[in-house]
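Colleague: Attaching a single structure in structure tokens format; questions to follow.
The values are calculated or read from the model by the stated rules, or taken from the named source; none is laboratory data. Worth saying up front: this structure is predicted, and the values here are computed from it rather than measured. Counting neighbours? That spans all protein chains shown, and the Cβs are built from the backbone with ideal geometry, glycine included.
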Amino acid sequence: MGLLVLGLVIFLGAHSTRIFADDWRTRQIARIGAMPWKGLYSVVSIVGFALIVWGYGRARNLPGLLWQSPEWMRPVTAALMLVSFVLLTAAYVPRNGIRARLHHPMLLGVKTWAFAHLLVNGSDADVLLFGAFLVWAVVCFRSARVRDRAAHTVYAPGTARGTAVAVIVGIVAWAVFGFWLHGLLIGVKPVA
């Protein structure tokens, strides 16, 4: 469990600098430059992510079941994951109505992903992993909205085409991951 905790601290810590140390982050970028900062940020994130994957892989085999979800929760989780994939996709598709309306669909997608996984995974390792991401996404979303208000950020209006692309790509990604990749990479087939 220690590797999982270390990975979460490194990964989520790196992704929390704008929340808890924005002035320090700004000074470091000014001191070393944007590209070296992004490179360092990427290396730290990759190390944290690798530790999360390795630590979770080891920890999920340990005893410590906190709850067992009913079978009917699986389709609920699958539906929430569909929403999550569409939100995650909307973060990257230009000029879509989802991003124009919600402003931070990536964070909302992470919240939905984490919550959905908590519905069907009740081990100590699951609660630690998905709970940590859920709390992080909630705090990060709030922080981003506060920054937006302070900066008077205006988001470009969405187009029907951009929205359709975000939804279609999100659905396709959900299907590929749910029906094939999740089983291959995680060892669990959530949608069969």
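Colleague: Of these, 146, 76, 154, which one is part of a helix (DSSP H, G or I), surrounded by fewer than 15 Cβ atoms within 10 Å (Cβ to Cβ) and without any contact (Cβ under 8 Å) to a residue 12 or more places away in the chain?
Modeller: Among 146, 76, 154, only 146 is part of a helix (DSSP H, G or I), surrounded by fewer than 15 Cβ atoms within 10 Å (Cβ to Cβ) and without any contact (Cβ under 8 Å) to a residue 12 or more places away in the chain.
Colleague: Within segment 117-136, restricting attention to residues that are farther than 13 Å from residue 1 by Cβ and in contact (Cβ under 8 Å) with a residue 40 or more places away in the chain, which residue is farthest from the chain's Cα centre (by Cα)?
Modeller: For segment 117-136, the residue satisfying everything is 122.
To keep it simple, each residue is scored yes or no on (1) at positive phi; (2) among the small types (Gly, Ala, Ser); (3) in the same structural domain as residue 161 (by TED's automatic domain parsing).
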| residue | (1), (2), (3) |
| --- | --- |
| 24 | no, no, no |
| 32 | no, no, no |
| 36 | no, no, no |
| 43 | no, no, no |
| 47 | no, no, no |
| 54 | no, no, no |
| 75 | no, no, yes |
| 95 | yes, no, yes |
| 115 | no, no, yes |
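Colleague: Somewhere in segment 157-179, is a residue over 19 Å from the mean Cα position of the chain (by Cα) and part of a loop (DSSP other than H, G, I, E, B)?
Modeller: Checked against the condition, which is being over 19 Å from the mean Cα position of the chain (by Cα) and part of a loop (DSSP other than H, G, I, E, B), segment 157-179 yields at least one hit.
Colleague: Could you tell me whether segment 83-101 includes any residue that is crowded, with 16+ Cβ neighbours inside 10 Å, among the basic types (Lys, Arg) and not in a strand (DSSP E or B)?
Modeller: Yes: segment 83-101 contains one or more residues that are crowded, with 16+ Cβ neighbours inside 10 Å, among the basic types (Lys, Arg) and not in a strand (DSSP E or B).
Colleague: Quick one: residue 38 ticks every box in (1) under 18 Å from the mean Cα position of the chain (by Cα); (2) closer than 30 Å to residue 165 by Cβ except a single one, so which number is it?
Modeller: Of the numbered conditions (1) under 18 Å from the mean Cα position of the chain (by Cα); (2) closer than 30 Å to residue 165 by Cβ, the odd one out for residue 38 is (1).
Colleague: Has segment 58-75 got any residue that is of a type outside the set (S, T, N, Q) and under 17 Å from residue 14 (Cα atoms)?
Modeller: No; the residues of segment 58-75 include none that is of a type outside the set (S, T, N, Q) and under 17 Å from residue 14 (Cα atoms).
Colleague: Count, please, the residues in segment 157-168 that happen to be of a type in the set (A, V, I, L, M), surrounded by 12 or more Cβ atoms within 10 Å (Cβ to Cβ) and farther than 29 Å from residue 19 by Cβ.
Modeller: 4
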